[in-house]
Amino acid sequence: MSLIALDSEEIAQVVFTVGTPQAVCSILRTNSHVDAAWRHLYENAYEARCDIEEFVRERLLDLKSNTYFPHEPAFCALAVALETLPMPAAEDFLSELAALRIAEMPISPRVAALCLQRLRETLISKTLTEFKVKPVQIPDVASSIRLSRVPTESTYSDRLTRVPTQSTYPEIFRVAA
């Protein structure tokens, strides 16, 4: 499984030496391990949720109170790998990690929040471009009948015979109550 490569020293150095989540995201987007993880998840979309859950579960065993989480760089890299994957598992992981507020993981929730924002923006823009439709042209079957914008005695709707009704809306509401 190529997600294991996210625990590399190269990724850890980036996360530990770069100060801001924006810079971490920018640098990790060009990392070969992150790209390989993205490709693995994209090509194996049916097993992606299981792969992500297994990867996270195995690393969370090392989470201890009052101790820096040693796999935080891998979580940052996974978040960056998931930011352009249009699958529910990606959004679920990013949402849960972004909502996490613990001292043992100070940067990965902020990286996940940025990645989640980018994922949503990407999905919205792709949806708009892929499903952008033009207004449907409906042929005007009543083109010979021209309705004026201002109701007058000569409008078409005034020429129709009125159908008398037995009840009015207030009566219907009273009966229903």
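The values are calculated or read from the model by the stated rules, or taken from the named source; none is laboratory data. Because the structure is a prediction, the values reported are computed rather than measured. Neighbour counts run over all protein chains shown; Cβ positions are idealised from the backbone, glycine included.
A few comments on the model shown:
- Entry remark, the stretch 95-108: residues being closer than 15 Å to R59 by Cβ and not in a loop (DSSP other than H, G, I, E, B) number 3 in total.
- Checked against the criteria, I27 counts as free of Cβ contacts under 8 Å to residues at least 60 places away in the same chain, assigned to a helix (DSSP H, G or I) and buried (at least 16 other Cβ atoms within 10 Å of the Cβ).
- A103 of a type in the set (A, V, I, L, M, F, W, C) and touching a helix residue (DSSP H, G or I) at 6+ places or on another chain (Cβ under 9 Å): no
- In summary, P86 fulfils each of the numbered conditions (1) without any contact (Cβ under 8 Å) to a residue 60 or more places away in the chain; (2) under 23 Å from the mean Cα position of the chain (by Cα); (3) over 19 Å from R101 (Cα atoms); (4) assigned to a helix (DSSP H, G or I) with the single exception of condition (4).
- Considering residues of the stretch 51-72 that are surrounded by 14 or more Cβ atoms within 10 Å (Cβ to Cβ) and under 19 Å from E91 (Cα atoms) only, the residue nearest to the chain's Cα centre (by Cα): I52
- When A48, A37 are checked against the criterion of being at pLDDT below 90 and under 20 Å from the mean Cα position of the chain (by Cα), a single residue qualifies: A48.
- Test: residue in the stretch 42-49 that is of a type outside the set (S, T, N, Q), part of a helix (DSSP H, G or I) and free of Cβ contacts under 8 Å to residues at least 24 places away in the same chain: yes
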